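Novice: Quick one: the structure is below, and I'll ask about it shortly.
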Number of protein chains: 4
Amino acid sequence: MLTVGVIGCGYWGPNLIRNFTNLKGADVRICSDLDKGRLEHMKHLYPSLAVTTDYREIIKDESIDAVVIATPVSTHFPLAAEALEAGKHVFCEKPLTQSVEEGVRLVELADEKDRTLMVGHTFVYTAAVNKVKDLISSGELGDIHYMSTARVNLGLFQEDINVVWDLAPHDVSIMNYILGVRPVAVSAIGHSYIQPGIQDVSFVTLRYPDSILANLHVSWLNPNKIRSTTVVGSKKMLVYDDISSLEKIRIYDKGVDVIPHYDTFGEFQLSYRYGDIHIPKLDEAEPLKMECQHFIDCIEGARPRSSGRHGLEVLIVLDAIDRSMKQNGAEIEIEYPKTLG
Amino acid sequence: MLTVGVIGCGYWGPNLIRNFTNLKGADVRICSDLDKGRLEHMKHLYPSLAVTTDYREIIKDESIDAVVIATPVSTHFPLAAEALEAGKHVFCEKPLTQSVEEGVRLVELADEKDRTLMVGHTFVYTAAVNKVKDLISSGELGDIHYMSTARVNLGLFQEDINVVWDLAPHDVSIMNYILGVRPVAVSAIGHSYIQPGIQDVSFVTLRYPDSILANLHVSWLNPNKIRSTTVVGSKKMLVYDDISSLEKIRIYDKGVDVIPHYDTFGEFQLSYRYGDIHIPKLDEAEPLKMECQHFIDCIEGARPRSSGRHGLEVLIVLDAIDRSMKQNGAEIEIEYPKTLG
Amino acid sequence: MLTVGVIGCGYWGPNLIRNFTNLKGADVRICSDLDKGRLEHMKHLYPSLAVTTDYREIIKDESIDAVVIATPVSTHFPLAAEALEAGKHVFCEKPLTQSVEEGVRLVELADEKDRTLMVGHTFVYTAAVNKVKDLISSGELGDIHYMSTARVNLGLFQEDINVVWDLAPHDVSIMNYILGVRPVAVSAIGHSYIQPGIQDVSFVTLRYPDSILANLHVSWLNPNKIRSTTVVGSKKMLVYDDISSLEKIRIYDKGVDVIPHYDTFGEFQLSYRYGDIHIPKLDEAEPLKMECQHFIDCIEGARPRSSGRHGLEVLIVLDAIDRSMKQNGAEIEIEYPKTLG
Amino acid sequence: MLTVGVIGCGYWGPNLIRNFTNLKGADVRICSDLDKGRLEHMKHLYPSLAVTTDYREIIKDESIDAVVIATPVSTHFPLAAEALEAGKHVFCEKPLTQSVEEGVRLVELADEKDRTLMVGHTFVYTAAVNKVKDLISSGELGDIHYMSTARVNLGLFQEDINVVWDLAPHDVSIMNYILGVRPVAVSAIGHSYIQPGIQDVSFVTLRYPDSILANLHVSWLNPNKIRSTTVVGSKKMLVYDDISSLEKIRIYDKGVDVIPHYDTFGEFQLSYRYGDIHIPKLDEAEPLKMECQHFIDCIEGARPRSSGRHGLEVLIVLDAIDRSMKQNGAEIEIEYPKTLG
């Protein structure tokens, strides 16, 4: 039985408490928050749960195996570092930290202490994203040409991070996961229309190995809520629409074939393939439950799907996007630290 | 009565012949094509129409006032130049020419000869685009923040021009027209997945004056046919979906207001406005008919909406996109020749 | 402060407990269920709530003002009658009872005892249905011609009532409410494909006064979940789609005008009007909260929107539908008892 | 080579002339219309076509093998009868005639004269309808439970026939064709909101053998144009949406299974099956071309898909719908004459 303490009971923390509580392998014993009202609410929902305004009580508690962190981004690093130092396993909400340096330090610290560090990139636990990954890795889509995503809506504006750090972690995490590789370069243009200095719209192009391009559109200023990802392969194409409840993935048996033997007059021959559309039924399990169970499994030896390294790679991409935006879209080559291999 | 000769009876030419024929102010007397089969077909449809395989017969014919050119792009410049030199008014399909230099030369030549030069940017004659223009210029949308467009489908691949020259002329023409200004810089990333050296996918970001951004996604490799333009203003937002037959424009009474007087603690106050959606009824007149009538009106003195200058500005943007793609998305400042003022 | 006891904690009861608990004017003191597991769950959620397996404890409790009934339909009559006899106000889930006679008796009993009897027809508390009612009563739609509804999905099959009694109460309640009148005749055809004797599909046509027709399609055997209502008026038309989260009501400025003065040749002149579409922003308050608050207001003197009489009228229509189905769709004139005036 | 004469060059006639003209096996030699303007237009389009205002010239012309009739419904019978009497094959637009008696007489006349009589029920030549037929006859959908259709839009009102005779012929023809049987009873309720005496809205329920129900909603008074057919089978369900250009048929691997061996307590066990959705790619050939070719094939011996008998069966159903509407929806048993076997 894994004993768990949760730091942060604001927006997302209660979801984590609920899920870990419902799992057989975990026992959530204590939570902390600076806001006493939130603690009272938690106590009301879970009468046996201990509460505190001092997170150190959790970290010092030797009976606690794992610390779950659901606080503002700026506090992720000190809290996670302190917990790892104290020998706890750590589950931290995304993005992992505010800077690449902090992220590298956390990953190294988890290695040194031989503890599990996992980041809350929930999408990699969804049935839809795993279906897309399967379709790619099985070769059903053929070679992947490019991806294009839109993750846009009206607000909610954040005051401490821009739209890239708010929304793009999902897309980068998903794309790294489904492709199984990480981007090598990025070019991004953004603008701050509402809050000076905090981009609310950004257009990002990532280059992955093998000439795979990925274009991301993230915005807090869009009339519609859209969460869509198009994946274009040489054999088939798909659209993953996370807003749709029953038809999240549409697979198009469509493509362009290059006819290999063409005559010397240089006539380039193309053949278009238009085919059926298939909408697979997806399992409807709650991704957060999968993710929490996965954290337990990893502590028992499994390899984390959204490990500290995965979260760090996402961070490095976000950082490069920021730098490209400052240079008006100049392409930035992304360098990954040795820690990431 | 304007007497008209048409060069090129392939894909688009017959539409132009049909429209000019149906207008009261024009008389299509002759058409030319290198393919005798096409000429026979035209003769079958319009028994009184003269046909020829030699376009020079049209240009030399003193009874012809205006020449309409619907041939491959590479031939636009020589044909239009020859026609203008011969004192004809010229209606030329888009894009105007293959190079900026050629385009400048044509515009100057039309000025010298005092002839009308018009380019077939049909979208600026649609009810939908004009509705969007009205909504912007009346101030109903507020200040324009940014636009994002998708013009994607599967094929049809061109062999002589890339996807930017095939599809982006529409978007650039539309955006220049509805904003009433032209872009100052461009950044674009594209790739050739199918035909070596001919980009089939491109992501383009244009900077217009007043911090207006416009992001374009053009692709010959997309599972769905999409022609959508989102315009985000400070007061309202709209989506123009050219695929929809009855609901082309949706106006969202949605926005973010910055509350002006906020306290010294620097708390930035935002207010979200969610409101009704309005779908205006649009007139269903054929845009090409409007365009052909407009050509007649311009010869009689009206100012061309899709003038040679408009077509040249589009050309200059396309050329800058190509250059940015070659430099991996580096931002290119766009310079307009003196001819354009 | 209204003191409340709830009988039945299965599917819907907990929603009623939650809503009454959250209202300032009500105090939910006790709930009953035959299933001890459900009671334990309620106790866990609301530690101060008394629980019992014997509903009589609630009815006999003199400190309880109002009884809320959320049990299977067959028990509605005895429970509600016993509660009214004991001088309680009663909120009963829909449909009110299993038979018209029982319904009449309950309405009369509430009158005799001068207690409030309200039926849980939640839809009449939604923003969407009230918007439709406003559009009708303000005359904006013109004279109402006809309505057509679809309330279909796959399952969930009930074992004790047919699809008409399961789904049509919503439609009949909504239509009676928005029109402000009740139907005078009904014709219905249904069939039992899965469970012998329990119709799972039914097509119903109601005749309202002034030649208004309403066609209902209810089904447990449909590939899509649809909840749509089309209202056709002489001036405008609307579609109310309850599945849509953001665009529930679309108002079409469309219609057919009869040109009044036409010539003696009997040429009938019609003029078609095609216009804008308008999608009003609707308030998103939880209807059940509105309904529970309304129950409190009614006890304090307001006139119930979904009164016992409203529930009884719905019941009478359902009963007539059943009879028409037994007679292969023969039209049944609906008679309302004197109690309903 | 089949020689063809066409009577009626109004709305639909020119489509028939175009299609027969383009087929290799047919030679359209002459057409007639009362309106000289229409004849001039036909002459302009097809210079070698003879034209006449007197249809008798066509019927008397011994060089003509087949007569195509595209005139108002009231003239179908006399024209077709005269043509058959003269020994011509006849292709007549739908509905075949104005009365059942007339239809019977034409079918018998074609038999007597051993000529082909075909009715223009175009939908049975579409790829979509044939795909639905295949899915049913192959057993992929299982036993068919019921069908429900909507064929509604705003106008265009007819002055001589009601909405049932205007729109329902399509549905009845399609359903008879895909099921391979004809309905045994009908119940219908309609109303005339705009033109006195001419129903503009009708709700129809047909009973086919084996307890298959089919519900039709036809209307000239609907805000949206809808042409949809839902087919519910015991194994799978499908929706055929004729408005959609690329996704006309959606097949849902969804259903309800009755678990056969249930315990003696009478607990009825159901199992719900939710599965993938499949959208087959359909061939895009013009149905009218298929239909015209089929007419030629039938004269050469093939069995007509939309034979005179098929058209007569549709007519008999329309007639029964009219009678049920006059009796406020009373169920009418449909009797088919001996001629139909």
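The values are calculated or read from the model by the stated rules, or taken from the named source; none is laboratory data. Owing to the predicted nature of the structure, the values given are computational and were not obtained by experimental measurement. Here Cβ is always computed from backbone atoms with ideal geometry, including for glycine, and neighbour counts include all displayed protein chains.
Novice: Residues in the range D:2-42 that are touching a helix residue (DSSP H, G or I) at 6+ places or on another chain (Cβ under 6 Å), among the small types (Gly, Ala, Ser) and closer than 19 Å to D:Thr53 by Cβ: how many?
Specialist: Final tally of qualifying residues: 2.
Novice: Quick check on the range D:31-51: of everything there that is part of a loop (DSSP other than H, G, I, E, B) and within 14 Å of chain B (Cβ to nearest Cβ), which residue is modelled with the lowest pLDDT?
Specialist: Going through the range D:31-51, the residues part of a loop (DSSP other than H, G, I, E, B) turn out to be D:33-35, D:46-49.
Right, trim to within 14 Å of chain B (Cβ to nearest Cβ) and you get D:46-49.
Working: D:Tyr46: 89, D:Pro47: 85, D:Ser48: 89, D:Leu49: 94.
Taking the candidates together, the pick is D:Pro47.
Novice: Ok, one more. Looking at the structure I just gave you, is D:Thr149 buried (at least 23 other Cβ atoms within 10 Å of the Cβ), hydroxyl-bearing (Ser, Thr, Tyr) and without any contact (Cβ under 8 Å) to a residue 60 or more places away in the chain?
Specialist: Values: buried (at least 23 other Cβ atoms within 10 Å of the Cβ): yes; hydroxyl-bearing (Ser, Thr, Tyr): yes; without any contact (Cβ under 8 Å) to a residue 60 or more places away in the chain: no.
No; evaluated as a whole, the condition is false for this residue.
Novice: Can I ask one more? Identify all residues within the range B:190-205 that are under 15 Å from A:Thr205 (Cα atoms) and touching a helix residue (DSSP H, G or I) at 6+ places or on another chain (Cβ under 7 Å); write none if there are none. Write out each step before concluding.
Specialist: Restricting attention to the range B:190-205, the residues satisfying the condition of being under 15 Å from A:Thr205 (Cα atoms) are B:190-191, B:201-205.
Scanning the range B:190-205 gives B:Gly190, B:Val201, B:Ser202, B:Val204.
Novice: Pick out the one residue from B:Pro209, B:Pro287, B:Pro223, B:Pro183 that is crowded, with 20+ Cβ neighbours inside 10 Å and more than 10 Å from every other protein chain (Cβ to nearest Cβ).
Specialist: Details: B:Pro209 fails: crowded, with 20+ Cβ neighbours inside 10 Å; B:Pro287 fails: crowded, with 20+ Cβ neighbours inside 10 Å; B:Pro223 fails: more than 10 Å from every other protein chain (Cβ to nearest Cβ).
Answer to the selection: B:Pro183.
Novice: Moving to a separate point now. Looking at the range D:68-89, I want the residues that are under 19 Å from D:Glu112 (Cβ atoms) and have a partner that is of a type in the set (D, E, K, R) with Cβ atoms under 6 Å, at least 6 apart or on another chain. Which pairs are those?
Specialist: D:Phe77/D:Glu102; D:Leu84/D:Lys113; D:Leu84/D:Arg115; D:His89/D:Arg115
Novice: Something else about it: Taking into account only those residues within the range C:21-36 that are of a type in the set (D, E, K, R) and crowded, with 17+ Cβ neighbours inside 10 Å, which is nearest to C:Ile69 (Cα to Cα)? Before you say what the answer is, go through the steps one by one.
Specialist: The first filter runs over the range C:21-36 and keeps only residues of a type in the set (D, E, K, R), leaving C:24, C:27, C:29, C:33, C:35-36.
Restricting the remaining residues to those that are crowded, with 17+ Cβ neighbours inside 10 Å gives C:29, C:33.
Details: C:Arg29: 14, C:Asp33: 11 Å.
Within the range C:21-36, the match that is nearest to C:Ile69 (Cα to Cα) is C:Asp33.
Novice: Which one is nearest to D:Leu221 (Cα to Cα), of the residues in the range C:230-250 that are surrounded by fewer than 20 Cβ atoms within 10 Å (Cβ to Cβ) and of a type in the set (S, T, N, Q)?
Specialist: Selected residue: C:Ser234.
Novice: Inspect all residues belonging to the range A:192-200 and state whether any of them is facing chain B (nearest Cβ under 8 Å), outside any helix (DSSP H, G or I) and closer than 24 Å to B:Leu216 by Cβ.
Specialist: Yes, because at least one residue in the range A:192-200 is facing chain B (nearest Cβ under 8 Å), outside any helix (DSSP H, G or I) and closer than 24 Å to B:Leu216 by Cβ.
Novice: If you don't mind, there's one more thing I want to ask. List pairs: first residue in the range D:24-41 and closer than 28 Å to D:Ile296 by Cβ, second residue in a strand (DSSP E or B) and hydroxyl-bearing (Ser, Thr, Tyr) anywhere in the structure, Cβ distance under 8 angstrom, at least six positions apart or on different chains.
Specialist: Final answer for the pair search is D:Ala26/D:Thr3; D:Asp27/D:Thr3; D:Arg29/D:Thr3; D:Ile30/D:Thr52; D:Cys31/D:Thr52; D:Ser32/D:Thr52; D:Leu39/D:Ser32; D:Leu39/D:Thr52.
Novice: In the range C:270-284, which residue that is touching a Gly at 6+ places or on another chain (Cβ under 8 Å) and under 28 Å from D:Ile198 (Cα atoms) is farthest from the other protein chains (Cβ to nearest Cβ)? Working first, answer last.
Specialist: In the first step, residues of the range C:270-284 are kept if they are touching a Gly at 6+ places or on another chain (Cβ under 8 Å); the result is C:270, C:272-273, C:281.
Those still in the list that are under 28 Å from D:Ile198 (Cα atoms) too: C:270, C:272-273.
Values: C:Leu270: 6, C:Tyr272: 5, C:Arg273: 9 Å.
The qualifying residue farthest from the other protein chains (Cβ to nearest Cβ) is C:Arg273.
Novice: Which strands (runs of 3 or more DSSP E) does the range D:58-141 wholly contain that include 2 or more residues that are out of contact with any Gly (no Cβ under 6 Å at 6 or more places or on another chain) and either surrounded by 20 or more Cβ atoms within 10 Å (Cβ to Cβ) or in the same structural domain as D:Gly13 (by TED's automatic domain parsing) (or both)? Lay out the reasoning, then the answer.
Specialist: Working: elements: D:66-69, D:89-92, D:117-119.
So the answer is D:66-69, D:89-92.
Novice: Condition test on D:Ala50, is it surrounded by fewer than 23 Cβ atoms within 10 Å (Cβ to Cβ), under 24 Å from D:Ser99 (Cα atoms) and free of Cβ contacts under 8 Å to residues at least 40 places away in the same chain? Show your work before the answer.
Specialist: On the way: surrounded by fewer than 23 Cβ atoms within 10 Å (Cβ to Cβ): yes; under 24 Å from D:Ser99 (Cα atoms): no; free of Cβ contacts under 8 Å to residues at least 40 places away in the same chain: yes.
Judged against the criteria, D:Ala50 is not a match.
Novice: Here are some conditions: (1) of a type in the set (Asp, Glu); (2) buried (at least 19 other Cβ atoms within 10 Å of the Cβ); (3) over 30 Å from C:Val204 (Cβ atoms). D:Asp319 meets all but one. Which one does it not meet?
Specialist: Tallying (1) of a type in the set (Asp, Glu); (2) buried (at least 19 other Cβ atoms within 10 Å of the Cβ); (3) over 30 Å from C:Val204 (Cβ atoms), D:Asp319 fails exactly one: (3).
Novice: On to the next question. Tell me which residues, restricted to the range D:139-165, are away from chain C (no Cβ under 14 Å) and within 14 Å of the chain's Cα centre (by Cα).
Specialist: D:Val164, D:Trp165
Novice: Quick check on the range D:1-23: of everything there that is under 22 Å from the mean Cα position of the chain (by Cα) and hydrophobic (A, V, I, L, M, F, W, C), which residue is farthest from D:Ile296 (Cα to Cα)?
Specialist: At the first step, the residues of the range D:1-23 found to be under 22 Å from the mean Cα position of the chain (by Cα) are D:6-20.
If we keep only those that are hydrophobic (A, V, I, L, M, F, W, C) as well, we get D:6-7, D:9, D:12, D:16-17, D:20.
On the way: D:Val6: 15, D:Ile7: 18, D:Cys9: 20, D:Trp12: 19, D:Leu16: 13, D:Ile17: 14, D:Phe20: 9 Å.
Going through the qualifying residues, I end up with D:Cys9.
Novice: Out of all the residues in the range C:226-256, which are over 17 Å from D:Thr149 (Cα atoms), of a type in the set (Val, Ile, Thr) and more than 8 Å from chain D (Cβ to nearest Cβ)?
Specialist: Once the filter is applied, which keeps residues that are over 17 Å from D:Thr149 (Cα atoms), of a type in the set (Val, Ile, Thr) and more than 8 Å from chain D (Cβ to nearest Cβ), the range C:226-256 yields C:Val231, C:Ile243, C:Ile249, C:Ile251.
Novice: Looking only at strands (runs of 3 or more DSSP E) that fall completely inside the range C:214-303, which ones have 2 or more residues that are more than 22 Å from the chain's Cα centre (by Cα), of a type in the set (Gly, Ala, Ser) and at pLDDT 95 or above?
Specialist: Values: elements: C:221-233, C:237-241, C:249-252, C:255-258, C:270-273, C:277-279.
Strands (runs of 3 or more DSSP E) meeting the threshold: none at all.
Novice: Right, another one. Please go through the range A:268-315 and give me each residue that is within 24 Å of A:Leu340 (Cβ to Cβ) and in contact with a His (Cβ under 9 Å, 6 or more places away or on another chain), ordered by number.
Specialist: Correct list: A:Glu291, A:Phe295, A:Cys298, A:Ile299, A:Ala302, A:Pro304, A:Arg305, A:Ser306, A:His310, A:Gly311, A:Val314.
Novice: From B:Ile243, B:Ile251, B:Ile321, grab the single residue that is touching a residue at least 40 places away in the same chain (Cβ under 8 Å), of a type in the set (A, V, I, L, M, F, W, C) and in contact with a Ser or Thr (Cβ under 8 Å, 6 or more places away or on another chain).
Specialist: Details: B:Ile243 fails: touching a residue at least 40 places away in the same chain (Cβ under 8 Å); B:Ile251 fails: in contact with a Ser or Thr (Cβ under 8 Å, 6 or more places away or on another chain).
Checking each option against the conditions leaves just B:Ile321.
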